[in-house]
């Protein structure tokens, strides 16, 4: 079995050409999939090495975030929650997709810079590096989702909240914010090689985005209170679309919002091919530029 | 040479007219009388971009089982070529085709994460080098054994000594089983014992019929490992073929002094010379390539200028190996007197030098005997004035002058150790 596999590899013909045509690229991604998982594993293990709580940090982080937002928006600002859901559930259901989006966006836009040292020494399809980190982010999201289930269970006993049956779709739909963030970030990654300003600007954009996007408050609330002229910020915000989508999965009486959801799909349809194309272009020359 | 005999082996890699261009920025010069507008324009665009071809028109083929050495000086384009072949960067023009898996041992330890343990790093590094988990599982014990890491395998790599890290990295890299293996100066790792071990492992791989591409500045490694060579110079390929010829060419490029005459006047000198005289020029006579048999005389003319009166001056000719180790010294007891302002030629003939086959740097040293019976260095050229190669061909065996009854084979070394005693016991 092994032997057979090996001879197959030996017959594999690789052509390297000047204009960067490389038919093997997609096959290579499959061949190097092990590396993506290894990098994901490295990402997670290294993050919690020499910490006492270890993996607990990936729970504490979003939970604390949720508590703060619930306190500020729910208790201090006294905004109303989304349908029947307790404020904490609504916020937490927003934090998971937002974090996924933000992390994917950050990591893929910095893909070349972060792994430059490695990429300058060894060949692998460059997209494997951000892909590995993205897998790590997805695993974290799954852990967060477990906590969400726990929070829902607690609120079921305290306030009688019953989640929608659509909750079973949620783990799958987490792919949407991840994909959206990953490929919009990928779109920026080649520019990030030349203009390191982007590296400074992106964290700022992310923290700005967290307020423009309904993470700490409900989508319906935002649309109601924002003046007519600015409503488009929410109505056509693709990230708001996917966040509301996740909430729709969990909250039975959430009002599904089509325009923002469609805008998310359109963005994905545009940024996936464009992002890949720009990334492929960037990876051809970046070794000589970094 | 074997490559020509056995040409029905399949071509495994074909490099076709490859070129790689880099853009380099140069600071423009601003004319002194430039107006304000021009100055402003200069500050906006200080640099001009120039094209620089790191490689151009490189074509060659590698057949299965070939072990190709790429030799050339620093900056000749060797590493760029390996980077193109291992797909780290793309060529500007041309095309490379190959069959099977290429793996490069470019820089040992790439991708090691200090926080991870040795075991975790072996898996990560293996994956980076393109191995699957099964492959690494299979080789894991071998890797640990080869690296001599032992129980430290579950310790974070940041606690390793640098030697341990390098050993582990080499162990991982050398277990790769690609169809084409690329080696770039990785053998200069670790202590001497481990280097030997690495070299042995490389030789095993080489003799197993693997296709290898190798870059090294150590000619003996290339001699041992490879069967063909290409020589690069300033990004151009100037030779493809037999190893010895390539090494000769490389030495020719490498040491611009493989010439038959050289100005010594401006070469670096060591300190502590009395500088009464200065060597100006050396002319190697009768041998255009500086290649000798053991019994061929090495003859040269040395032109010296005398600055202050110097008495009882003699000449020392020191032959050094590539790494600087002195191999032999010829002393010419001239005991000549020179007057200030004179420029004279000294004719030197080193007959039957008895040097073992190899490449030597020839250093020259003028010395002065003082009445108190010690030597003063008058002038000295370090590290070398010119180069000679002593051939392995022809008269390999020669008879030592002091012991004419015994044979001495050149490759046994330069000097024979005389005081040896021993007996059969038991």
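Each value in this text was obtained by applying a stated rule to the coordinates, not by laboratory testing. All values derive from a computational prediction rather than experimental measurement. When we count neighbours, we look across all protein chains shown, and the Cβ atoms used for this are built from the backbone with ideal geometry, even at glycine.
How do A:100, A:107 line up, fewest other C-beta atoms within 10 Å first?
Ranked by crowding around the Cβ, least crowded first: A:107, A:100.
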Q: Sort chain B into rounded, prolate or oblate with this rule: let a ≥ b ≥ c be the square roots of the eigenvalues of the Cα gyration tensor; rounded if a/c is under 1.5, and if a/c is not under 1.5, prolate when a/b is larger than b/c, oblate otherwise.
A: oblate
(Q) Taking the number of other C-beta atoms within 10 Å as the exposure measure, put B:374, B:283 in order starting with the fewest. (A) B:374, B:283
Q: Please report, in whole Å, how far the alpha carbons of chain A spread along each principal axis, starting with the longest.
A: 63, 46, 35
Q) Over segment B:261-390, what relative contact order in percent results from Cα pairs under 8 Å that are six or more residues apart? A) 31
**Q.** Shape category assigned to segment A:176-290 from the gyration tensor of Cα positions, a/c cut at 1.5
**A.** prolate
Q.
Give me the inter-chain shielding for A:151-162: mean count of other chain Cβ atoms within 10 Å, whole number please.
A. 0
Q.
Test of understanding: ordering A:175, A:278 by Cβ neighbours within 10 Å, fewest first, what list do you get?
A. A:175, A:278
Q: For the protein assembly as shown, take the alpha-carbon Rg, divide it by the Kirkwood Rh, and send me Rg/Rh.
A: 1.12
Q.
Below 8 Å between Cα atoms, with a sequence gap of 6+, how large is the relative contact order for chain B in percent?
A. 13
Q: Give the percent of DSSP beta bridges with both residues in chain B that are antiparallel, rounded to the nearest 5.
A: 80
**Q.** Test item: A:116-123 mean partner chain Cβ contacts at 10 Å
**A.** 6
Q.
Please compute the contact order of chain A in relative form: average sequence separation of alpha-carbon pairs under 8 Å and at least six residues apart, divided by the residue count, as a percent.
A. 26
Q. Highest GNM mean-square fluctuation, chain A, Cα pairs closer than 10 Å: which of A:87, A:211, A:123?
A. A:123
**Q.** Most fluctuating residue given options B:174, B:216, B:314, as computed from a GNM of chain B linking Cα atoms under 10 Å
**A.** B:314
Q) What FRET efficiency comes out for the pair residue A:225/residue A:276, r = Cβ-Cβ distance, R0 = 35 Å, nearest 0.05? A) 0.35
Q) Across the residues of A:40-48, average count of Cβ atoms on other protein chains within 10 Å? A) 3
Q. Can you work out the base-10 log of I(q)/I(0) for segment B:261-390 at q = 0.10 1/Å, using the Debye formula on its C-alpha atoms alone?
A. -0.30
Q | GNM top mover of B:48, B:368, B:245 - chain B, alpha-carbon springs below 10 Å | A | B:48
Q.
Could you sort the peptides B:121-133, A:57-69, B:17-29 by per-residue average Cβ neighbour count (10 Å cutoff), highest mean leading?
A. B:121-133, A:57-69, B:17-29
**Q.** Helical mean residue ellipticity (222 nm; -39500 (n - 2.57) per DSSP H run of 4+; nearest 500) of chain B
**A.** -6500 deg cm²/dmol
